[in-house]
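Just below is one structure, and these are the notes that go with it.
A short reminder: the numbers here are calculations on the coordinates, not readings from a lab. Being a predicted model, the structure only gives us computed values, none of them experimental. Neighbour counts run over all protein chains shown; Cβ positions are idealised from the backbone, glycine included.
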Amino acid sequence: MNDTSGKVFRLSRLPLGVKGVIEHHEETDFQLTLMEMGCIPGESVCVEMVAPMGDPLAIRIAGYYLSIRKNDAENIWVTVE
């Protein structure tokens, strides 16, 4: 068990390689699009890669990789497993 287990983070600040579970989204215009791409509450997620300049992030979710802008990842809250 790591020292972040059970803590809540914005997806954009989830440590690289740490698994989490999506808790909720902040309301934005992009919220529905994120949910259509698999970023739904209860889904496991892991930040796998970060671009050299820190944006975008590559996350593993619902069995595939998704590239997401850091700004959009700021609106997704996750609990570390």
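Here the gap between residue 67 and residue 31, fully extended at 0.36 nm per residue and compared with their Cα-Cα distance, gives a gain of 11.4 nm. Placing a label point 7 Å from the Cα of residue 48 along the Cα-to-Cβ line, the residues of the stretch 62-81 whose backbone N sits under 12 Å from it are 62-68. In order along the stretch 13-29, the Karplus-derived 3J(HN,Hα) couplings, from 6.51 cos²θ - 1.76 cosθ + 1.60 at θ = phi - 60°, round to 10, 5, x, 4, x, 8, 8, x, 10, 5, 8, 6, 10, 7, 6, 9, 5 Hz, and Gly and Pro are given as x.
Amide H contacts for residue 74 (H built 1.01 Å from N in the peptide plane; partners 5 or more residues away or on another chain; cut-off under 5 Å): 12. Under a 5 Å amide H cut-off, with hydrogens placed 1.01 Å from N, residue 49 pairs with 58 among residues at least 5 apart or on other chains.
Which shape class, rounded, prolate or oblate, goes with the stretch 8-80 when its Cα gyration tensor gives a ≥ b ≥ c as root eigenvalues, a/c under 1.5 marks rounded, and past that a/b bigger than b/c marks prolate? It comes out rounded by the Cα gyration axes.
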